[in-house]
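Engineer: Please read through the structure below; I'll follow up with questions.
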Amino acid sequence: MTDATINISLVLNGEQISSKKVSNGTQAADVISEFKAEKKSIVAVLINNEICPLDFPLTYDARIEPIFITSKTGSSVYRRSLCLLLAAATHKLYPDTRLLVGHSLEHGYYYTLDTPVTQQQIDAIKQKMQELIEKDIPITTTSITFEQAQSLFEKLGLIETRKQLNFNCTPTVKINTLDDFSDMYFGPLVLSTGILKTFDLMKYEDGFLLRFPKSSAPDKIEPFQDQPKLFEIYKSYKEWGRRVNVTSAGSLNELISSRKINDFIDITETLQQKNISKIASQIISKKTARVVLIAGPSSSGKTTSAKKLALELQAMGFMPKVISLDCYYVGRDKTPLDENGNPDFECLEALNIDLLNQNLIDLFEGKEVIIPTYDFHSGSSYFEDKNKLSLKDNEILIMEGIHGLNDKLTPKISPELKFKIYLSALTQLNLDDHNRISTSDNRLIRRIVRDSNFRGKPAAGTIQMWPSVRKGEELHIFPFQNNADAILNTALDYELSVLRVYAAPLLRQVTPLQREYSEARRLLSFLENFATIPPTAVPQRSIIREFIGGSAFHY
């Protein structure tokens, strides 16, 4: 027999603030009243370290912690709910038009319709969204049968969503409903539309942007800052995906189940190598370039990309020499500290800028230099004769590191001598019609696999430090991406099916007693959308080998 009451502990910032007994079946929203003034900014809860919606019924003893809209997780709940609101409004106005989500762009998601988008349509959709917000309509989550889900998505014209059901055949399917419209999202949503007051729709290229607030300023939309180079890369890959008829997880899973995946692997690897070859040709055509600076966020594949680019340059008659900016760390005792008093290895001042620039000047003047070596264990820098380096006329230097696009890294070097490359793991795949694949999630899964394989770090450890990594990227990498002479997309549209083989067992080892549990469960749920591909199918020179091992390159 089920007990009439259950024990609840209320937690804030990891610390218990009170405890109480409540009736079995009480909704989570009803037990967070103690937060009073802050209650309006709570969009979800952590229940025993698992993220749940506010209407989740409590049926067991639990630790409950509020998730505020000002947090990364809370901001995700808000954005996901906005996506449902947009889909519902669009369906009400244009029921026979297909709405497709694209990639993220400057605090927004890019959407297209299957017909050309007009400003009049955008204005109408925005007005309908505002009407639904003013009505404060409940957003509910329910379970329906597999057969009912098939019928629902076919009726709504959600082609990719319907297709994906064939590869995750559960007896029941969770759906989210707003008024008379239902859809499927992968995570908790807010309780009602009245919360979703801060948003904007903006015409952009052939579609429009659903713009949302930053977590640090949830009540306002920041001025738009365009990223045209990145968008053009995404657009070209999206067009390529449509041509080869692989645009979603469902499309990819169809190839795997029909045993046609090996051809697709060859095609994607060839496309990526072709783009690296194009960049090599750009470098050569500049003629004055003596140093290639490669930058990109964590796990974007900088090391392998540098090696593959070096091979292309060699094929064109040049002799590249590859070094890492990590060699120029000043040493642990000289590294600036972050706000928590820890060494900030990601700031520009952690590098010996003066020595780097003098080395480059000497190299370009035909002199020989000794490249420093940094020992990560001792935290010290030293010099060895074996690291002597010089550049001949047909030799070019390739340097990879997070600050490569920042001109403050090489202020003494003429722009004519530099060629800058930005790397982004920007998959063109969606999960389905209305659920996108986050570039950050792709990189985090890569990082989890690599950290386990080569550094012995458990998944919880990688998840724990990821917010710090992301903060460093926001400060030191993303602001400079438009400075790049070329952008290389390092994502391979089959990779998540390979990475799942490694990442899923690691994520399952994160326990409900760890704060990283909610993120581990979210990533596991995400990976379940992909059928697996055996690692033996991955070519030895693939970027994926940088993370799973077995590469033909030496790191």
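The values are calculated or read from the model by the stated rules, or taken from the named source; none is laboratory data. Bear in mind the structure is a predicted one, so any value in this text is a computation, not a measurement. Methodologically, a virtual Cβ is constructed for each residue, glycine included, from the backbone with ideal geometry; neighbour enumeration extends over all protein chains shown. Quick note on the areas: whole protein, heavy atoms, side chains included, nothing else; ligands and nucleic acids left out. Shrake-Rupley method; radii C 1.70, N 1.55, O 1.52, S 1.80 Å.
Engineer: So, in Å, what gap is there between the alpha-carbon centers of region 237-254 and region 63-102?
Structural biologist: Centre-to-centre distance over Cα atoms comes out at 24 Å.
Engineer: Distance between Cα centroids, region 343-407 to region 506-555: provide it in whole Å.
Structural biologist: Taking the Cα centre of each part, region 343-407 and region 506-555 sit 32 Å apart.
Engineer: Could you give the accessible area per residue of the chain, probe 1.4 Å, as a whole number in Å²?
Structural biologist: Details: 24930 Å² over 555 residues.
I get 45 Å² per residue for this part.
Engineer: Need the list of aspartates and glutamates near Lys386 for cross-linking: C-alpha distance under 16 angstrom, and skip anything on the same chain fewer than eight residues off.
Structural biologist: Excluding near neighbours in sequence, the set is Glu368, Asp375.
Engineer: Right, something else. Can you pull the Rg over Rh of region 165-252, Cα-only, Kirkwood? Present the calculation step by step, with values, prior to reporting the outcome.
Structural biologist: Working: Rg = 17.4 Å, Rh = 16.9 Å.
Rg/Rh for region 165-252 comes to 1.03.
Engineer: Taking the Cα centre of the chain as origin and charging only Cβ (+1 Lys, Arg; -1 Asp, Glu), how large is the dipole, in debye to the nearest 20? List each step's numbers first, then the result.
Structural biologist: Details: 65 positive and 67 negative charges, 145 e Å.
In debye, rounded to 20, the chain gives about 700.
Engineer: Dividing the convex hull volume of the Cα atoms of the chain by its residue count, what figure in Å³ per residue is obtained? Walk me through the numbers before you get to the answer.
Structural biologist: Details: hull volume 92.8 nm³, N = 555.
Output value, Cα hull per residue: 167 Å³.
Engineer: Hey, how much of the P(r) for region 386-527 falls beyond 19 Å, as a percent of Cα pairs?
Structural biologist: On the way: 6226 of 10011 pairs.
In whole percent, the long-distance tail amounts to 62.
Engineer: Just to verify a number: FRET efficiency for Lys135 and Phe383, C-beta to C-beta distance, R0 = 41 Å, to 0.05? Could you put the intermediate results ahead of the total?
Structural biologist: On the way: r = 70 Å, r/R0 = 1.70.
E between Lys135 and Phe383, to the nearest 0.05, is 0.05.
Engineer: Tell me, in nm to one decimal, what length is gained between Asp179 and Phe376 on full extension, where the rule is 0.36 nm per residue of separation less the Cα-Cα distance? Could the numbers behind the result be given before it?
Structural biologist: Numbers: separation 197, 0.36 × 197 = 70.92 nm, distance 5.67 nm.
Gain on extension, Asp179 to Phe376, equals 65.2 nm.
Engineer: Separate question: So if R0 is 60 Å, what FRET efficiency would Gln225 and Ala4 give, r being the distance between their Cβ atoms, rounded to the nearest 0.05?
Structural biologist: Numbers: r = 55 Å, r/R0 = 0.92.
With R0 = 60 Å, the Cβ-Cβ based efficiency is 0.60.
Engineer: My understanding is that a pair violates if its Cα-Cα distance is over 25 Å; which of Lys321/Lys420; Lys174/Lys457; Lys126/Lys220; Lys307/Lys418; Lys334/Lys420 do that in this structure?
Structural biologist: Working: Lys321/Lys420 16 Å; Lys174/Lys457 34 Å; Lys126/Lys220 16 Å; Lys307/Lys418 18 Å; Lys334/Lys420 28 Å.
Check vs 25 Å cut-off fails for Lys174/Lys457; Lys334/Lys420.
Engineer: I'd like to compare 233-245, 455-467, 538-550: which one has the highest average count of other Cβ atoms within 10 Å, and what's the full order after that?
Structural biologist: Details: 233-245: 15.5, 455-467: 17.1, 538-550: 19.5.
Final packing ranking: 538-550, 455-467, 233-245.
Engineer: I need to check one value: relative contact order of region 141-223, counting alpha carbon pairs closer than 8 Å and at least 6 residues apart, in percent. Intermediate values should be presented prior to the final figure.
Structural biologist: Details: 78 pairs, mean separation 17.1, N = 83.
It comes to 21 percent, rounded to a whole number.
Engineer: Run the reach check for Lys163 against aspartates and glutamates, Cα to Cα strictly under 12 Å, same-chain hits fewer than 8 apart removed. What comes back?
Structural biologist: Counting by Cα, and skipping residues close in sequence, Lys163 has these aspartates and glutamates nearby: Glu154, Glu254, Asp432, Asp433.
Engineer: For the chain, which whole-number percentage of the solvent-accessible area (1.4 Å probe, protein heavy atoms only) is attributable to carbon and sulfur atoms?
Structural biologist: Values: 12300 of 24930 Å².
That share works out to 49 percent.
Engineer: Suppose R0 equals 41 Å; then what is the FRET efficiency for Ser324 and Asn166 from their Cβ-Cβ distance, rounded to the nearest 0.05?
Structural biologist: Values: r = 45 Å, r/R0 = 1.09.
Between Ser324 and Asn166 the formula returns 0.35.
Engineer: Could you check the spin-label model distance between Asn483 and Asn340? Points 7 Å from the Cα along Cα→Cβ, value in nm.
Structural biologist: 2.7 nm
Engineer: With a cut-off of 8 Å between alpha carbons and a minimum separation of six or more residues, what is the relative contact order of region 375-529 in percent? It would help to have the intermediate numbers written out before the result.
Structural biologist: Values: 125 pairs, mean separation 43.6, N = 155.
Rounded, it is 28 percent for region 375-529.
Engineer: Cα to Cα, under 17 Å, and not fewer than 8 places away if on the same chain: which lysines meet these conditions relative to Lys471?
Structural biologist: Lys72, Lys214
Engineer: Specify whether the C-alpha gyration tensor of region 136-290 places it in the rounded, prolate or oblate class, a ≥ b ≥ c being the square roots of the eigenvalues: rounded for a/c under 1.5, otherwise prolate if a/b is larger than b/c and oblate if not. Walk me through the numbers on the way to the answer.
Structural biologist: Working: a/c = 3.15, a/b = 1.31, b/c = 2.40.
Taking the square roots of the gyration eigenvalues as a ≥ b ≥ c, region 136-290 is oblate.
Engineer: If you don't mind, there's one more thing I want to ask. Which chymotrypsin sites (Phe, Trp or Tyr not before Pro) does region 10-119 hold that lie in a coil by DSSP with at most 12 other beta carbons within 10 Å?
Structural biologist: In loop regions of region 10-119 (DSSP not H, G, I, E or B), the sparsely surrounded chymotrypsin sites (Phe, Trp or Tyr not before Pro) are Tyr60.
Engineer: Hull surface divided by four, with the convex hull built on the Cα atoms of region 1-129: how many nm²? Walk me through the numbers before you get to the answer.
Structural biologist: Values: hull surface 43.1 nm².
Dividing the Cα hull surface by four gives the mean projection, 10.8 nm².
Engineer: For the modelled label position 7 Å from the Cα of Thr288 along Cα-to-Cβ, which residues of region 311-329 have backbone nitrogen atoms closer than 14 Å?
Structural biologist: The answer is none.
Engineer: What percent antiparallel are the DSSP beta bridges of the chain, to the nearest 5? Before the final figure, lay out each step's value.
Structural biologist: Values: 49 of 72 bridges.
Beta bridges within the chain, antiparallel portion: roughly 70 percent.
Engineer: To the nearest Å, what is the center-to-center distance of region 139-163 and region 179-212, using C-alpha atoms only?
Structural biologist: The distance from the Cα centre of region 139-163 to that of region 179-212 comes to 19 Å.
Engineer: A follow-up question, please. Explain nothing, just the number: relative contact order of the chain, from Cα pairs under 8 Å at least 6 residues apart, as a whole percent.
Structural biologist: Details: 962 pairs, mean separation 82.9, N = 555.
Computed value for the chain: 15 percent relative contact order.
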